[in-house]
Amino acid sequence: MDHNDGNALVHPTTRYDGLGTAKYQRPVRLDGTDQPGGKHDGCRLFVLDLTHDGAARVAVARYCDLVEDSRPVLCRDMRMVLKSLPPLQGPSS
């Protein structure tokens, strides 16, 4: 289904899943657990642009704050990624 609500320019080939999210990306797990029968089969994955989107950086940092106790290794790795990013440029920062 093509969608353009008048508030944003949307490429005419962008498809929507009926839940308010565009299907212009298809993230996959490199460990293969998103394949049929795998632990993450059917899971919805979401991509954030940490290079250009300051709000994405804030979201990842906040996520780490919330799950630090249950996922310390993931949070350590994500915080290292955040620290390694170059400063944001322009209005997206």
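Beta carbons closer than 8 Å, at least 6 apart along the sequence or on distinct chains, pair a first residue in region 39-65 that is under 13 Å from Leu85 (Cα atoms) and in contact (Cβ under 8 Å) with a residue 24 or more places away in the chain with a second that is assigned to a helix (DSSP H, G or I) and among the hydrophobic types (A, V, I, L, M, F, W, C) for Leu50/Ala56; Leu50/Val60; Leu50/Val81; Leu50/Leu82; Arg57/Leu82. From the residues in region 42-80 that are of a type in the set (Ser, Thr, Tyr) and assigned to a loop (DSSP other than H, G, I, E, B), which one is farthest from Gly90 (Cα to Cα)? That would be Ser70. Among the conditions (1) at pLDDT 95 or above; (2) over 23 Å from Val28 (Cα atoms); (3) exposed (fewer than 11 other Cβ atoms within 10 Å of the Cβ), the only one that Val73 does not satisfy is (2). Filtering Leu88, Leu66, Leu9 for residues that are of a type in the set (A, V, I, L, M, F, W, C) and modelled with pLDDT under 90 leaves a single hit, Leu9.
The values are calculated or read from the model by the stated rules, or taken from the named source; none is laboratory data. This structure is a prediction, so every number in the text was calculated from the model and none was measured. Please note: Cβ atoms are built from the backbone with ideal geometry, for glycine as well, and neighbour counts cover all protein chains shown.
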